[in-house]
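Notes to accompany the following structure.
Only the coordinates and a few stated rules stand behind these numbers; no lab work does. Values in this document were obtained by computation on a predicted structure and should not be read as measured data. Neighbour counts are summed over all protein chains in view; Cβ atoms, including those assigned to glycine, are modelled from backbone coordinates with ideal geometry.
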Amino acid sequence: MEYDGTHQTTENRGGPLPRFGQLIGSSPAMTEVFALARKVAPCDVTALITGETGTGKELLARAIHDRSLRASGPFVAFSCANLPDTLIDDELFGHEKGAFTVADALRRGRFEAADGGTLLLDEIGDLPPALQVRLLRVLQERTFQRLGGSSAISVDIRLICATHRDLAAMVRQGAFRQDLLYRLDVIELRMPALRDRRDDIELLAQHFLRRFASRFERCVLRFSRDAICALTEYSWPGNVRELENVVQRAIALAESLTVGLEHLPEGIAGPAQPRLETGTDYDTAVREFKRRLILRTLRQCHGSKAEAARSLHMARPYLHRLIASLDLEGFEAEHHEQKPLSAV
């Protein structure tokens, strides 16, 4: 049997997806991020976006810029990861003609390119110590010099930084300057891992299915119930970026209207159980197990609580109480009327 997924996204019923810029999500974790970002966006303050790789930190920074007073200015992004000091220095601040052997022309860096707009420094935790000192000085004085130059250059930018690292721990280890962290961490926005917003997995999967089916010109309309359950229960160490790649792969392999388990990577489609975070307490682990079991059963029963109760061999009133305590209320109503997805 096939599962068309129409219950979980308002886009299928003519309404907009729950989103902030290009970010999509209706889970409590993402709703909280969106609410804070909407407050921060109009205020011209430095922001620090934290979260694991693949959670969408750059998308959040861009959305904040688009809703700021600097929206008409440039948005410039630069990653500090895995680059030597000299290259980062040149990329950020530029150089004068003749500053070094092959400098045959003046080069403006990212700070100047972002003048009047927003500069995102991604992976700020990888910034070498010498450049941490220079960045701190720029933030304090609001001026800098190009490599090989002698005149001070002033720019008007909003700085947003992002990292997957624990900067506070790096400060304790002597790997990151505490005074710089104070400058950067005016407002922190923490992007949740995908495993911490499982309610959004199906929403995102359907969104990516539409996008890539259209791009690849493939008539793939839906996921099977088993495929959706597998996607929902997987731990997603690569977060949203990994989910996006998995959906692309599935659409490329699908030979019918439906993406099934056979189109998913073995690690996702296989029998492996979802992993719990290290240090998870007993009550949290039991609650998570119950939630996934009931959610999977409700999906298999098309949202019918009576059928789900029979399948689980439990009294229906007890199932109702569990659904309420596990924040699964409204699931049956969302499944009440299902119809095939429209063609992409």
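Which value results when the Cα radius of gyration for the range 28-191 is divided by 2.2 N^0.38 Å? So the Cα radius of gyration is 1.04 times the expected 2.2 N^0.38 Å.
Sorted from greatest to least, the principal axis extents spanned by the alpha carbons of the chain come out as 78, 46, 37 Å.
Label positions at residue 156 and residue 115, each projected 7 Å from the Cα along the C-beta direction, are separated by 1.1 nm. Under 20 Å from a label point set 7 Å out along the Cα-to-Cβ vector of residue 262, the amide N atoms of the range 209-233 belong to 218-231. Among the GluC sites (Glu not before Pro) found in the range 158-265, those both in a DSSP coil and sparsely packed, with 12 or fewer other Cβ atoms within 10 Å of their Cβ, are 217, 255. Taking the Cα centre of the chain as origin and assigning +1 to Lys and Arg Cβ atoms and -1 to Asp and Glu Cβ atoms, the resulting dipole is close to 520 debye. Shape summary of the range 44-94, radius of gyration then Dmax from alpha carbon positions: 13.0, 34 Å. The chymotrypsin sites (Phe, Trp or Tyr not before Pro) of the range 161-250 meeting both criteria, a DSSP state outside H, G, I, E and B (loop) and at most 14 other C-beta atoms within 10 angstrom of the site's C-beta, are 216. Based on the convex hull around the alpha carbon atoms, the range 155-290 presents an average projected area of 12.5 nm².
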